Amino acid sequence: MRRDARVFQASKTFPLRRSLLALGATAIAAAALSLAAPQARAADKITIMVGGINKLIYLPPKLAENLGYFKEEGLDVELQSQPAGVDAENELLAGAVQAVVGYYDHSIDLQSKGKEITSITQLLLVPGGMEMVRSDLAGSVKSMADLKGKTLGVTGLGSSSSFIAQYLASRAGLKSGDYSMLPVGAGNTLIAAFKQKRIDVAWTTEPTTSILLASGDAKVLVDMSSVDGTRNALGGLYPASSLYVNRAWMNSHKAESQKLARAFVKTLKYIQTHTPEEIADKMPKDYYGGNKAIYVQALKASMPMYSPDGKMPAGGPEQVLKVMAGFNPNIKGKNIDLSKTYTNEFVDQVK
C-alpha cells in the first residue's frame, strides 16, 4: 500500500513539475524577448555621420531629412555631424554609425589599410571647394608653387582637404617638407584662423567661401567648385561627397542600402528641379550664418557640383586614385581594387 501511495503521489507531482518548468521556460523566454526588443529597435535605426553637416558639399542628407524622403522609405535615420570627414570615417570604423556622408577618396585610403568601405551613392562630381589665400598675402602667393614656408589650413589631418592640398602642392613642384599643415576645422573656426593669421592658405567650401570673399579676408587661389576648374587643377574629375558604408554592412543590409540610395537620388533630383531659393527654404535657418542672401548666393554657385543621378562618373575613381597615389605613402605600391570602393548597384535600380 505504501508503494501504491508513492506512485499515486508521484503521478500528481509530475504534471505539477511539468507545469512549473513550462511556466519557468515561458518566463525566461519572455524576459529574453523584453531584453532583446530594445536592441532590435535600436538596430533598425540608421545613424549617418556627416563630415560637417552645414556645408553645401554635404547638403543632401539634411535636405533629404527635411523633405521627408527617409520616412517615405520607411527608414529611421538619425543625422550626426563631425567637423571633418576623417572624424566621421573613424566613427564608421568603430561601429558607432552605419553610414557616412563624406568624400569618396576615404574608400580608397581605407582599402590601403585593409578596410573595405563602399560608396553606394555619389553626391558630388567635383570637390566643390577652393584653396583660398589670406588677402594680405595674395600679392606674393599667386599659385600653389608659392607656398614654401607657409601654413596650409585643413579640416583635419588625413582629411580629404589634406589629400587635395598635398596633391596640388606636389603638382606645383613642392615637397611635403616645404610647408606645414594645421587642422582648423571648417566654418567659423577656419575663418577665425584666417583672421588670427594662424594659416596662410586653406581649403574651404560654401558657404564659408562666399563669407570670406564678402568680408575681404581671403581670395581664391585654386577653384574646384566647377567641372572645368577641377579639370584644370587636377587633370580630371574628382568625385567627392558620397554616401559610403562598410561593405559587410551593405552586403547584409541590401534592402536598407537600396532605400538609402533611393532617398538620396530623389534628393539630387529635387536639387536639379528647384531654385536655390526654394532649396534654401528647406534648410535650417541657423545654416545661413545670419545671412540668407549669402547662403542663396553660395548655393547658386554650387548647383553644378551636384550629381544628377547619384552614379559614379566614368573615370572618376581612376582619377581619385591617381591623385592620392601621387603623395599618399599608404597607397603607393598597393594594389587597390576600385570595384570594391563604389557601386552603382543601388542607384541603377532607382526609377
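The values are calculated or read from the model by the stated rules, or taken from the named source; none is laboratory data. This one's a predicted model, so the numbers in the text were calculated from it and none came from an experiment. Using ideal geometry, Cβ is built from the backbone for each residue, glycine included, and neighbour counts are taken over all protein chains shown. Heads up: the accessible areas ignore ligands, DNA and RNA and are worked out on the full protein's heavy atoms, side chains in. Shrake-Rupley method; radii C 1.70, N 1.55, O 1.52, S 1.80 Å.
Of the residues making up region 249-286, those that are part of a loop (DSSP other than H, G, I, E, B), at pLDDT 95 or above and not basic (Lys, Arg) are His253, His274, Thr275, Met283.
Tallying residues that are part of a loop (DSSP other than H, G, I, E, B) and within 18 Å of His106 (Cα to Cα) within region 287-319 yields 5. Candidates are the residues of region 114-155 that are surrounded by 23 or more Cβ atoms within 10 Å (Cβ to Cβ) and among the small types (Gly, Ala, Ser); the one that is farthest from the chain's Cα centre (by Cα) is Gly153. Of the numbered criteria (1) open to solvent by less than 60 Å² (accessible area, probe 1.4 Å); (2) in contact (Cβ under 8 Å) with a residue 40 or more places away in the chain; (3) hydrophobic (A, V, I, L, M, F, W, C), the one Ala248 fails is (1).
Checking each residue in region 56-106 for being at pLDDT below 90 and either among the aromatic types (Phe, Trp, Tyr) or surrounded by 20 or more Cβ atoms within 10 Å (Cβ to Cβ) (or both) picks out Gln82, Pro83, Ala84, Gly85, Val86, Asp87, Ala88, Glu89. For region 226-247, the tally of residues that are in a loop (DSSP other than H, G, I, E, B) and not polar (S, T, N, Q) stands at 6.
Condition check ((1) of a type in the set (Val, Ile, Thr); (2) more than 21 Å from the chain's Cα centre (by Cα); (3) under 23 Å from Glu72 (Cβ atoms)) across all residues:
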| position | (1), (2), (3) |
| --- | --- |
| Tyr270 | no, no, yes |
| Tyr306 | no, no, yes |
| Pro313 | no, no, no |
| Gly326 | no, yes, no |
| Pro329 | no, yes, no |
| Ser339 | no, no, no |
| Tyr342 | no, no, no |
| Glu345 | no, no, yes |
| Lys351 | no, yes, yes |
